[in-house]
Amino acid sequence: MTNISKSDAATKGVIVLGDSPFVSITEVNELAAHLGWPVLPEPTAAPWFLPNYLAHAPLVAEKVSASLANEIETIFAIGRVGLSRPINALLAKVGTSKYWACAPALISQPGDYRLLPHIPRLADLASEPQPTWLKRWREASDAIEAAIAPVVESQHLSGVGVIRAVVQALRSGDVLHLGSSYSARDVEMYAAQNETSAFTAGEVSVYMNRGVNGIDGVISTAIGEALATSRPTYLICGDLTLLHDLNGLVLGADEPCPDITLVVIDNDGGGIFSTLENAEAEGFERVIATPLGKDISAILRAIGVTTEVVTTSGELATHLRERPNGLKAIVARVGSREQEARLRAKLRQVSLS
């Protein structure tokens with residue numbers, strides 16, 4: 001452990017906020033405001049989108065890497081970070097000599113960075129915020145939203161479009177559980193800030209499973225969250241994640257029924273793998289993408305889950321207006337995995353241009 005000094009709170013820094021169940025978000029917000037630094041949040045860094053928080057954090061990190069990375073004097077990584085490649089790349093580019101791992105019990109990456117067992121205390125930090133510093137980061141985030149919104153809206157129903165629609169439909173007090181693959185990363189990259197959104201206001205509890213086997217038990221976890229909180233709950237996941245824990249939906253006759261709506265993004269297989277380096281490998285479809293060719297809605301109905309199928313943004317919006325009441329599912333039939341990969345490539349291109 002190393003003690004922090006006033007010189008470590010230089011005028012130009014960044015806060016990266018990850019999973020932080022033992023961290024006071026109020027303290028994080030006070031720290032960000034005191035320093036005038038941007039906050040790059042990971043999906044489960046709740047509440048999201050408060051004054052210094054930036055939407056599209058991974059894309060922002062990649063967009064500013066060339067222009068702002070060399071100006072960063074200090075990074076405070078709070079909680080368990082490491083979900084996003086672009087943010088990890090930005091941290092690596094800045095270098096460990098400028099990197100503080102705060103609440104290190106939750107830090108997952110190895111490294112020789114300095115450790116701090118708590119959030120930096122304001123009394124330990126000098127502060128001479130530069131208004132233009134945060135402004136430059138916010139402008140990058142705003143430019144990305146302006147670039148991606150028309151692209152998503154011009155497409156047929158897509159996984160990204162589903163994510164944005166669900167996030168916008170959430171109400172104060174709702175619970176959102178994210179599947180551990182595309183769903184979590186799409187929220188981090190593509191969820192929009194909106195002043196009327198409960199999600200933006202930090203009034204939604206966001207959860208996800210982490211780890212090598214993050215796909216295990218996703219449905220059961222989400223149902224447990226719905227029952228434990230007695231709050232309307234949404235689960236966003238892909239078809240593979242659904243099928244991986246399908247028996248979690250088979251509730252005993254005497255078991256309590258949660259108020260949960262499953263939003264299943266059905267692209268017949270592991271869509272995220274089509275965006276990775278091994279997408280062209282021999283045997284990719286059978287071994288990695290693992291398409292099953294199954295009627296997801298028929299499977300859900302067969303085990304007693306009330307299920308609606310949507311193929312357009314309008315149909316999705318209609319069903320999202322219905323609040324979770326019992327066990328329900330919305331199966332969103334989106335484009336092929338290849339089409340989804342091309343859309344994400346285009347969104348990245350317009351974001352960084």
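Computed from the coordinates by the stated procedures, all read-outs in this text should not be read as laboratory data. All values reported here derive from a predicted model rather than from experimental measurement. In this analysis, Cβ positions are derived from the backbone assuming ideal geometry, glycine residues included, and neighbour counts consider all displayed protein chains.
Before moving on, here are some points about what is shown:
- The overall shape of the stretch 155-352 is oblate: from the C-alpha gyration tensor, with semi-axes ordered a ≥ b ≥ c, the ratio a/c is 1.5 or greater and a/b is no larger than b/c.
- For the pair Ser336 and Leu122, the difference between a 0.36 nm per residue extended length and the Cα-Cα distance amounts to 72.1 nm.
- Sequence-distant contacts, meaning Cα pairs under 8 Å at least 6 residues apart, place the relative contact order of the stretch 155-352 at 24 percent.
- The packing ranking, built from the mean of other Cβ atoms within 10 Å per residue, places the peptides 74-85, 219-230, 198-209 in the order 74-85, 198-209, 219-230, highest first.
- Separation between Cα centres of the stretch 306-334 and the stretch 179-255, rounded to whole Å: 15
- Long-range HN-HN contacts of Gly335 with modeled amide H, under 5 Å: Gly159
- Full-stretch length increase - Lys93, Thr312 - with 0.36 nm per residue and alpha-carbon distance subtracted: 74.7 nm
- Cβ-Cβ FRET estimate between Leu115 and Asp295, R0 fixed at 45 Å, reported to 0.05: 0.30
- The stretch 134-265: C-alpha gyration tensor shape, a/c 1.5 cut-off, then a/b vs b/c: prolate
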